[in-house]
Structures are given as structure tokens and as C-alpha cells.
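The values are calculated or read from the model by the stated rules, or taken from the named source; none is laboratory data. Everything numeric in this text was worked out from a predicted model, so none of it was measured. When we count neighbours, we look across all protein chains shown, and the Cβ atoms used for this are built from the backbone with ideal geometry, even at glycine. Side chains are part of the model used for accessible areas, which takes the heavy atoms of the whole protein and leaves out ligands, DNA and RNA. Shrake-Rupley method; radii C 1.70, N 1.55, O 1.52, S 1.80 Å.
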Amino acid sequence: MLIFADDIDPGERFLVAADLVATELHNSLFQLSCNESSGDSKNRCILSSLAVEEFFKCAGFKSKVQSVVCVIRGANWPGSPKSVKFGGSHTAILGDPNAQCGTGEWAGHLIALVEVEGNSFLVDTTLYNRIRPQWAELTGMVVISTRPDRLRLFQEQECCSYLGGYASTDGAWEISYYLNESNNVWASAPDTREEARWKAPAHALACKLQNLIES
């Protein structure tokens, strides 16, 4: 997991918790909530984000899930970043509000927001299918501090306001998140209907975190 916190120190407990999410979340979800027919949680942002929200709550943090648009832009994308809308040949988008979806699909993306001592961090654990060879630093999970003074790659859209972003140290890509609170169709998705599917793995990880902190 990549943690982009600018000059903010999120504290040891949060860093240990984030590391536990990175190393064990998807294995726990697959064993307890998924199977070969239902798919991997790495591609299921609703299930994964609900588990992250529950885990951080159990760990003593304020946390909630949030519908967003995530835009990952290659550094060589032509045109002015401030004058374009979502999309482009060198861009990957999750939660594109203009996407066409099939039956049972959702044109959205869900992440968890975690409050840490007056600061807020977004936790995205389902970027795996957006990794590209030319974006070497990008991992399947990120934690980004939500600061309004961070770079903005695109104009704010009617439905979406800027949440947080980061530019890779090698200059190959930039990532931004935008709130899309009106896109709440996820709340009736199948992965929300059986709370044990995400709560059991989250509670197990929270117990492990407590043991790690106390050891």
C-alpha cells in the first residue's frame, strides 16, 4: 500500500492499521466472504470499502464509506489539465459518471474515509485492475490525505468536488479523487445485504491489530 500523507503524521496506530489492511484484508475477505464463483474482493469496491470502514471503526477511528470518481492520468496526456473533462486516451477512470453499465453493474467507485486526529485520509483498496506497466509506483491500494490545497487535475464537475490527489515521484502519473455523493446506488448492491460478509473479516483484523499494538 502506498501512503501519501504530505507532511502529516497519522500516528503509529493508523500506520500499523493501514499496513494490516494492505497485507491481510483481501485474503481475509476471500476466505470468509468470497469464492471462486463470486470473484475476488480486489475488484469489489463496495465489499472491500465496507470492510475497511468497519475495521477502522473497530480500531477506534471515525470512518465512513464515500462514493467517488477516481481519475488516474498519465503524465504525457495532451491538453491542459484544467480545461478538460473526465476521460482521455491516457487516463483510467473508476466511477465515471458518464459510463454505460450493463444490468447489475454500477457506474461508481467506493472508498473509505478515515479521520485521524483532525485529519482525513481516503483509503482505496481496489485499484488493482487500473495498474499499468508505465505507472510503476501505482499499487492496488492507496491512502491519501484529503487536503483541499493539493493539485487538481480536472475542473470540478457539477456532481463532483475535489477530495484529494497525489503526483508520483517519478512523474509518470497523477491521481485525483472527486466526491460524487449523489451516486448512492451502491447502497442497495448485493454486497451490502449480508453484514457478516464484511464485518467478520473486519472484526478479526481489528483483534489482530490490538494484539500487534499491545505486543
Neighbours of Val65 by Cβ distance under 10 Å: Lys/Arg at +1, Asp/Glu at -1, summed charge -1
Determine the order of Ser145, Ser120 by accessible area, beginning with the largest, at a probe radius of 1.4 Å.
Ser120, Ser145
From the protein chains alone at 1.4 Å, what is the descending order of accessible area for Thr169, Thr126, Thr23, largest first?
Thr169, Thr23, Thr126
Round to the nearest 0.05 the FRET efficiency obtained for Arg130 and Gln210 when R0 = 45 Å and r is the Cβ-Cβ distance.
0.85
Work out how much length Lys62 to Thr23 would gain on full extension: take 0.36 nm times their residue separation and subtract the Cα-Cα distance, in nm to one decimal.
11.9 nm
Under the rule of at least 5 residues apart or a separate chain, name every residue whose amide H is placed under 5 Å from the amide H of Asp40.
none
